[in-house]
Amino acid sequence: MSWGIELWDQFDNLEKHTQWGIDILEKYIKFVKERTEIELSYAKQLRNLSKKYQPKKNSKEEEEYRYTACKAFLSTLNEMNDYAGQHEVISENMTSQIIVELARYVQELKQERKSHFHDGRKAQQHIETCWKQLESSKRRFERDCKEADRAQQYFEKMDADINVTKADVEKARQQAQTRHQMAEESKADYSSVLQKFNHEQHEYYHTHIPNIFQKIQEMEERRIVRIGESVKTYAELDRQVIPIIGKCLDGIVKAAESIDPKNDSQLVVEAYKSGFEPPGDIEFEDYTQPMKRTVSDNSLSNSRGEGKSELKFGGKSKGKLWPFIKKNKSPKQQKEPLSHRFNEFMTSKPKIHCFRSLKRGGATPEDFSNLPPEQRRKKLQQKVDELNKEIQKEMDQRDAITKMKDVYLKNPQMGDPSSLDHKLAEVSQNIEKLRLEAQKFEAWLAEVEGRLPARSDQARRQSGMYETQNAPSVNNCAQDRESSPDGSYTEEQSQESEVKVLATDFDDEFDDEEPLPAIGTCKALYTFEGQNEGTISVVEGETLYVIEEDKGDGWTRIRRNEDEEGYVPTSYVEVYLDKNAKGAKTYI
């Protein structure tokens, strides 16, 4: 099958068809271009979506991503970012391998088509010129033949007329011969032009046009093949990114499988655990006491003493009230129901978390004393770790500068060793500052670890050995904190404003109770100035009586004499219990 043979007379239709083929190719290029724009737009939207939900640095959201569920969500965002990248790859590959290549091919195709049809038109013009020559020669031959025939008839007429002179007849005869000669020449020319035209026409329809149409057919077939290859490439470019997209989806599935609800629950405990012990049992309020006052004051005091004894020693020991609560010695006021007071106490929220932070206008204390014990310990540990990392970084920098200085000493042409002395001294000063800062926070950490109830006795003794070795620094660092309750146990003081009313009701029943008996003795390891309400000042080496042991809050209640008693930090005294206790304990 050849267009040159089958479509020898369809030049115009072939021209229209080939133009339509180029239009189809350009339409496909436009389609792919719009697809790439969609891929880029989709990738951009995915990236913006992933960026929108990314946690902001140094914000509360960043802390929330410690949980496995949030980590899985973060992994999903990261995988979606990579997923968007693959759509960008599709767009880039389609642009470079389809759009650019086809656009260049279209230009080449247009030039080739133009050349082929130019040759075809040239051949058409040549055969039309030959045809015009043939027609002109034919008309001239026809005209000369008619003129010769008329000249012959005129001669015969003159020859038959007896009135015509002999000269006129001879003239007519010569004219007839001339016309016959011109007719013969026109006949010969017509015959020659006809032969030439037939030859040119044969060449046109059997050689030139078939060759041109064959080239056009090959060009069209190459265009069709090129479209097929482009469609195949279109699919392959999509197929190439499927494995990577599959890995992105596998990463999302893996992140989902890594979600651990138990771990998240433990993180909640670590994040919000205060370290406080649950409140003790509420003591029985004996409303029969007013009925017994009619007997006598003596009997009243005895009965109250016995009641107190039963409550105190009959079962569990009396739970210790919040430290530093000032007892109200004013006349008793009418009490509200106990259940109402207790509900008000349990549902109230702390108003003031830290006296020091109040003085500073709400700023967080450096030692995190405004936090509960467990949270404070975590913050201090985190701060110590950060300082240790900074120290290590500075030490690495110092080592690098030292090595560079050694190189300069060995090779003076590389640099002046003395130029590094200032930098080396600066780094050394930074290390010293960071070490002092780390020691300060380690002292606070050792102190708070010594008071947490979850710590074992062995851990407390180890903590005590640490503070004994660093007693001066601990004393200096903690002096301003211990001089005010917020530095040593801010959390309990922050509740003072809330429980004062409730504590007043509780304390009214114990206004007339006998002093607590001593359960042991203690020796002051350091000097403590008790400047706040509920505390007592001690001097290093002083021996006092212990009337209430540390309940896990870091404070021990002691007595100097009948009129002087109060709380001191447990880490400042060495406690010796009586023979009923398990033995001497040291809290440092």
Check your understanding: Mind checking whether some residue in segment 74-82 is of a type in the set (Val, Ile, Thr), open to solvent by less than 30 Å² (accessible area, probe 1.4 Å) and modelled with pLDDT of 90 or more?
Key -> no
Check your understanding: For segment 27-38, does any single residue satisfy the condition of being under 30 Å from VAL268 (Cβ atoms) and either out of contact with any helix residue (DSSP H, G or I) (no Cβ under 8 Å at 6 or more places or on another chain) or aliphatic (A, V, I, L, M) (or both)?
Key -> no
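Here's the yes/no breakdown for (1) touching a residue at least 40 places away in the same chain (Cβ under 8 Å); (2) of a type outside the set (Ser, Thr, Tyr); (3) over 25 Å from GLY280 (Cα atoms):
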{"residue": "ASP553", "(1), (2), (3)": "yes, yes, no"}
{"residue": "GLU564", "(1), (2), (3)": "no, yes, yes"}
{"residue": "PRO569", "(1), (2), (3)": "yes, yes, no"}
{"residue": "TYR572", "(1), (2), (3)": "yes, no, yes"}
Review point. In the set THR207, THR165, which member is out of contact with any strand residue (DSSP E or B) (no Cβ under 8 Å at 6 or more places or on another chain), under 30 Å from GLN107 (Cα atoms) and among the hydroxyl-bearing types (Ser, Thr, Tyr)?
Key: THR207
Point to revise | Residue ID - nearest to HIS126 (Cα to Cα), chosen from residues in segment 151-200 that are open to solvent by less than 70 Å² (accessible area, probe 1.4 Å) and in contact (Cβ under 8 Å) with a residue 60 or more places away in the chain | key: GLU200
Practice item. Sort out for me the helices (runs of 4 or more DSSP H) sitting completely within segment 1-69 that have 3 or more residues that are more than 30 Å from HIS202 (Cβ to Cβ) and open to solvent by 40 Å² or more (accessible area, probe 1.4 Å). Key: 11-52, 60-64
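State whether one or more residues within segment 387-397 are among the polar types (S, T, N, Q) and open to solvent by less than 40 Å² (accessible area, probe 1.4 Å).
No.
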Revision key, fill the gap. The residue that is least open to solvent (accessible area, probe 1.4 Å), considering only those in segment 94-121 that are over 54 Å from the mean Cα position of the chain (by Cα) and small (Gly, Ala, Ser), is GLY120
Exercise for review: State whether the residues of segment 371-378 include one that is over 25 Å from GLU270 (Cβ atoms), assigned to a helix (DSSP H, G or I), at pLDDT 80 or above and in contact with a helix residue (DSSP H, G or I) (Cβ under 6 Å, 6 or more places away or on another chain).
Suggested key: no
**Study point:** Members of segment 386-440 found to be more than 30 Å from PRO365 (Cβ to Cβ) and either within 35 Å of the chain's Cα centre (by Cα) or among the charged types (D, E, K, R) (or both), listed by number
**Key:** ASP396, GLN397, ARG398, ASP399, ALA400, LYS403, LYS405, ASP406, LYS410, ASP416, ASP421, LYS423
Exercise for review: Would you please list the contacts, defined by Cβ atoms under 7 Å and residues six or more apart or on different chains, that run from a residue in segment 18-43 that is within 30 Å of GLY120 (Cβ to Cβ) to a residue that is open to solvent by 70 Å² or more (accessible area, probe 1.4 Å) and in a helix (DSSP H, G or I)?
Suggested key: ILE22/LYS110
Exercise for review: For segment 54-65, indicate whether the set of residues that are modelled with pLDDT of 95 or more, among the polar types (S, T, N, Q) and under 25 Å from the mean Cα position of the chain (by Cα) is non-empty.
Suggested key: no
Point to revise | Residues located in segment 156-167, provided they are over 20 Å from LYS146 (Cα atoms) and either in a loop (DSSP other than H, G, I, E, B) or at pLDDT 85 or above (or both) | key: ASP161, ILE162, ASN163, VAL164, THR165, ALA167
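The values are calculated or read from the model by the stated rules, or taken from the named source; none is laboratory data. Source: prediction; values computed, not measured. Note that each Cβ is placed from the backbone with ideal geometry, even for glycine, and that neighbours are counted across all protein chains shown. Areas reflect the complete protein model, heavy atoms only, side chains present, ligands, DNA and RNA absent. Shrake-Rupley method; radii C 1.70, N 1.55, O 1.52, S 1.80 Å.
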